[in-house]
Amino acid sequence: KIGGDLYDIFPIDDHRIGVAIADVSGKGISASILMAICQTHLRHLAKRSTSPAAVLSAINAEMQKPMRQDMFITVIYAIIDLKENCLTMARAGHELPLYFHQEAGAPQVIQVRSTGMALGMVPPEIFDCTIQDTRICFEPGDAFLLYTDGVTEARSQARFFGEGRVHRALRPGGTAAVV
């Protein structure tokens, strides 16, 4: 089965790693070809900027021509800086990532809110006004989760896994099994 999901991890330089997760609307060969084009642009443009928002803005501009009007791509692109123990990300319409952090000894799972529209939905002059970088710094024991709707929409006996179970799965001793 061919689809348009993407999970990608790649080195940018000696201390930064690029991480992307994306999903094309639709299924099949056209979705997979569109994602291959998007991934090629991502890998190429990631070397030119330290801002994930700038990279996604450039990809949106490049993707305007090859995309059909009924298709779009949701994506989160993040840069992990190993020297600073920080992650800078931009979100273009994708599911909100989750950040697990111990606050005063109490575990918290936080949805990382950020603005941004899916790639290919609007022209650059609108897209560029909505996308922004978000920075998160990590302490020992913290975790960051990126996922697609394939996780939340997974079914077990006609029941969706859902966002609530994803949140519970991140907590120590959480009752949600990861599928």
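Quick look at the numbers
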read-out: Rounded to the nearest 20 debye, dipole of the stretch 50-129 from Cβ charges on Lys, Arg, Asp, Glu; value: 100
read-out: Alpha-carbon gyration tensor eigenvalues x 5, square-rooted, for the stretch 32-146, Å; value: 28, 15, 12
read-out: Apportionment of accessible area to carbon and sulfur, the stretch 16-63, percent (1.4 Å); value: 60
read-out: Length added when fully stretched, residue 106-residue 16, from 0.36 nm per residue minus Cα-Cα; value: 29.4 nm
read-out: Sites residue 82 and residue 142 - FRET efficiency at Förster radius 22 Å, r taken between beta-carbons, to 0.05; value: 0.95
read-out: Low-density loop cleavage sites - trypsin sites (Lys or Arg not before Pro) in the stretch 1-94, where at most 11 other Cβ are within 10 Å (DSSP); value: 1, 47, 48, 68, 83
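The values are calculated or read from the model by the stated rules, or taken from the named source; none is laboratory data. Computed from a predicted model, the values in this text were never measured in an experiment. Methodologically, a virtual Cβ is constructed for each residue, glycine included, from the backbone with ideal geometry; neighbour enumeration extends over all protein chains shown. The protein model used for the area step is the full one, side chains on, heavy atoms only, and it has no ligands, DNA or RNA in it. Shrake-Rupley method; radii C 1.70, N 1.55, O 1.52, S 1.80 Å.
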